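J.: The structure follows.
The values are calculated or read from the model by the stated rules, or taken from the named source; none is laboratory data. Treat the numbers as computed from the prediction; the structure is a model and nothing was measured. Backbone-built Cβ (ideal geometry, glycine too); neighbour counts: all protein chains shown. Areas reflect the complete protein model, heavy atoms only, side chains present, ligands, DNA and RNA absent. Shrake-Rupley method; radii C 1.70, N 1.55, O 1.52, S 1.80 Å.
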Amino acid sequence: MRIGELSERTNTSRRLLRYYEEQGLIISDRCANGYRNYDDRLVDRVLQIRGLLDAGLPTRIIKQILPCLDKPRNIYFPDATPEMIATLEHERDRMTERINCLTRNRDAIADYLDAVLVRRDNRPHAAAEASTTS
DNA sequence: TTTCTTACA
DNA sequence: TGTAAGTA
């Protein structure tokens, strides 16, 4: 498929797809006219890259660990250099920290929402609620 | 019409 | 990342 289709299927701009390729995150072959041609499997790969990017990983790290995250991973794991292990452990911890941070902020927002909504429900104009309660 | 590259914000 | 220009 050409870049336009991959773009639609992954909800990723053409600009970004070319950038990912430039960073070595994905590859493509070229048609006679110079147009990029992508394998169907790139759809999942791009989605995975976006997920990693959302998780806060920089593209240079993603480029390193992407091959470690491929499907038939557990069977063959020859890509376990000490450096790679260290990188993965570091990123794993970073993600955990990020998750904790997100959790705290989500809870803070949830608490605020609860307080605001409860107060609103207890207001006098809430006739139904008031009569039922008293 | 779609894609390409390069360059600027 | 988006957008513009000039092509093929």
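J.: For chain A, modelled as a Gaussian network with Cα springs under 10 Å, which listed residue fluctuates most, A:ILE62, A:ILE26, A:ILE85?
T.: A:ILE85
J.: Related question: Given the whole protein assembly as supplied and a 1.4 Å probe, what does the accessible area of A:ARG14 come to in Å², nearest 10?
T.: 110
J.: Taking the Cα centre of region A:1-73 as the origin, how large is its charge dipole in debye, to the nearest 20, when only Lys and Arg (+1) and Asp and Glu (-1) carry charge on their Cβ atoms?
T.: I would put it at about 140 debye.
J.: Now for a separate question. Any idea what angle helix A:82-122 forms with the longest principal axis of chain A, computed on alpha-carbon atoms, 0 to 90 degrees, nearest 10?
T.: Value to nearest ten degrees: 20.
J.: Out of every Cα pair in chain A, what percent are spaced more than 23 Å from each other?
T.: 56
J.: What number comes out for accessible area per residue over region A:1-62 if the probe is 1.4 Å? Units Å², please.
T.: On a per-residue basis, region A:1-62 sits at 61 Å².
J.: Mind putting a number on the dipole of chain A about its Cα centre? Charges go on the C-beta only, +1 for Lys and Arg and -1 for Asp and Glu, and I need it in Debye to the nearest 20.
T.: Dipole of chain A, to the nearest 20 debye: 420 debye.
J.: To the nearest 500 deg cm²/dmol, what mean residue ellipticity at 222 nm is calculated for chain A from DSSP H runs of n ≥ 4 alone, each contributing -39,500 (n - 2.57), summed and divided by the residues?
T.: -20500 deg cm²/dmol
J.: Rounded to the nearest percent, how much of the accessible area of chain A (1.4 Å probe, protein heavy atoms only) is carbon and sulfur?
T.: 53
J.: Next question. Taking the Cα centre of chain A as the origin and placing charges on Cβ (Lys, Arg +1; Asp, Glu -1), which of A:LEU102, A:VAL46, A:ILE3 is farthest toward the positive end of the dipole?
T.: A:ILE3
J.: Using a 1.4 Å probe, how large is the accessible area of A:TYR38, given in Å² and rounded to the nearest 10?
T.: Its heavy atoms expose roughly 10 Å² to the probe.
J.: Pick from A:GLY56, A:GLY24, A:GLY34: which residue has the top mean-square fluctuation in a GNM of chain A where Cα pairs under 10 Å get a spring?
T.: Highest fluctuation of the listed residues: A:GLY34.
J.: Please arrange A:CYS68, A:CYS31 by accessible surface area, largest first, computed with a 1.4 Å probe and ligands excluded.
T.: So the residues, ranked largest to smallest area, are A:CYS31, A:CYS68.
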